[in-house]
Amino acid sequence: MELKLIQMWLHGKSGASRRAYLTDVHHFLDFCQKRLDSIDLADIQNWDTFLAQKYAPSSRKRKLAAVKSLFSFAHQNKLLADNPGAALATPKTKDAISEKILTEDEWWMLLNTEPNRQHQLMLQLLYESRARVSEFCNLKWKDIREKADLSALVTLFGKGSKTRKVTITPHLWQALKGTKKNDTTGNDPIFLNLRHQAYSTVQVWRIVKNAGERVGIYGVSPHWIRHTGATHQLLNGSPIHLQQQELGHSGLDITSRYLHILPGEYGARYCKVQLPDS
């Protein structure tokens, strides 16, 4: 029953989401050592206490959210009589997005010190498209169409099984087009690794991480580049509603998280009483 329930809950989710949710649920069940239909609120609270001691706040929040989602699904579909996770609030975490955004100078250094031309193109495509890593790894030549101004429209398919379109610059598109071989088909990946296969998410993470470390910035990930690209575009005048659309955000409140680090308006500038000179 448990296996069937979990399979039903995971149906329709992306491969990456399925793997992450399965890992979190198996961890929870291993901790509780109980069947799903015998787990109560105290069991989830005990697990939460354990997570708070062993995991970063963001990981704790993700794991709890997965388990709460499973119980909610089972209860709503009358597969379990109760929902023990309903009474436990998901913990709030610090919004650390500003810590994951590179300055334009840092991005220039990271990009220009990359010695591998293909990796350089990959980095710039991540930056301009603001694609999630799973969306990026699934890109094929048929997903890019040249526009009249020689820029290119990129179709991304990803989180929530949603499709969105973004535009990359003519400069990047012409450089990408220059790597396309005569016998390439529309179904071929844009980038091929040494085994002539599409890059995995792990390989892309490694390329990005190494590029950051090369210039002394540690912990850089593909999602950092997504944040960085969006922030730089806003900084240079992109309308926020365009960013919301191209990032695939459900609302402007999510996209507006990028705005607080931009120069310009801030509340304290309206204080009339200033610190006296020393």
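With the condition kept exactly as written, say whether any residue in the stretch 91-98 is more than 20 Å from H223 (Cβ to Cβ) and either at pLDDT 90 or above or not in a loop (DSSP other than H, G, I, E, B) (or both).
no
Six or more apart or on different chains, Cβ atoms under 8 Å: show the pairs whose first residue is in the stretch 120-133 and free of Cβ contacts under 8 Å to residues at least 40 places away in the same chain and whose second is of a type outside the set (V, I, T).
So the pair list comes out as Q120/L111; Q120/E114.
Inside the stretch 182-212, can you point out the residues that are free of Cβ contacts under 8 Å to residues at least 12 places away in the same chain and under 14 Å from K140 (Cβ atoms)?
L192, Q197
I want to confirm something. Restricting to the stretch 58-90 and keeping residues that are open to solvent by 70 Å² or more (accessible area, probe 1.4 Å) and among the polar types (S, T, N, Q), which single residue is modelled with the lowest pLDDT?
Ranking the qualifying residues of the stretch 58-90, first place goes to S58.
From (1) of a type in the set (G, A, S); (2) within 17 Å of M122 (Cα to Cα); (3) surrounded by 14 or more Cβ atoms within 10 Å (Cβ to Cβ), pick out the condition that doesn't hold for G158.
G158 satisfies every listed condition except (2).
How about the stretch 139-163: which of its residues are part of a helix (DSSP H, G or I) and at pLDDT below 90? Even if it seems obvious, please write down each step before you answer.
The initial filter retains those residues of the stretch 139-163 that are part of a helix (DSSP H, G or I), namely 141-143, 159-161.
Within the stretch 139-163, K159, G160, S161 meet the criteria.
Which of (1) in a helix (DSSP H, G or I); (2) open to solvent by 20 Å² or more (accessible area, probe 1.4 Å); (3) touching a residue at least 24 places away in the same chain (Cβ under 8 Å) is the odd one out, the single condition A230 does not satisfy?
(2)
Among E128, E106, which is modelled with pLDDT of 90 or more, part of a helix (DSSP H, G or I) and over 20 Å from the mean Cα position of the chain (by Cα)?
Going through E128, E106 in turn, just one is modelled with pLDDT of 90 or more, part of a helix (DSSP H, G or I) and over 20 Å from the mean Cα position of the chain (by Cα): E106.
Out of (1) more than 19 Å from F157 (Cβ to Cβ); (2) in contact with a helix residue (DSSP H, G or I) (Cβ under 8 Å, 6 or more places away or on another chain); (3) free of Cβ contacts under 8 Å to residues at least 40 places away in the same chain, what's the single condition that is false for S238?
For S238, the exception is condition (2).
Working only within the stretch 18-44, note down all residues that are under 18 Å from A74 (Cα atoms), open to solvent by 50 Å² or more (accessible area, probe 1.4 Å) and among the aromatic types (F, W, Y).
Hit for the stretch 18-44 is Y21, nothing else.
Checking the condition under 26 Å from V202 (Cβ atoms) and open to solvent by less than 30 Å² (accessible area, probe 1.4 Å), which residue from W9, W47 passes?
Sole residue among the options that is under 26 Å from V202 (Cβ atoms) and open to solvent by less than 30 Å² (accessible area, probe 1.4 Å): W9.
Is it the case that the stretch 202-216 has a residue that's open to solvent by 50 Å² or more (accessible area, probe 1.4 Å), at pLDDT 80 or above and in contact with a Cys (Cβ under 9 Å, 6 or more places away or on another chain)?
yes
The values are calculated or read from the model by the stated rules, or taken from the named source; none is laboratory data. This structure is a prediction, so every number in the text was calculated from the model and none was measured. Positions of Cβ are backbone-derived with ideal geometry, glycine not excepted, and every protein chain shown enters the neighbour counts. Quick note on the areas: whole protein, heavy atoms, side chains included, nothing else; ligands and nucleic acids left out. Shrake-Rupley method; radii C 1.70, N 1.55, O 1.52, S 1.80 Å.
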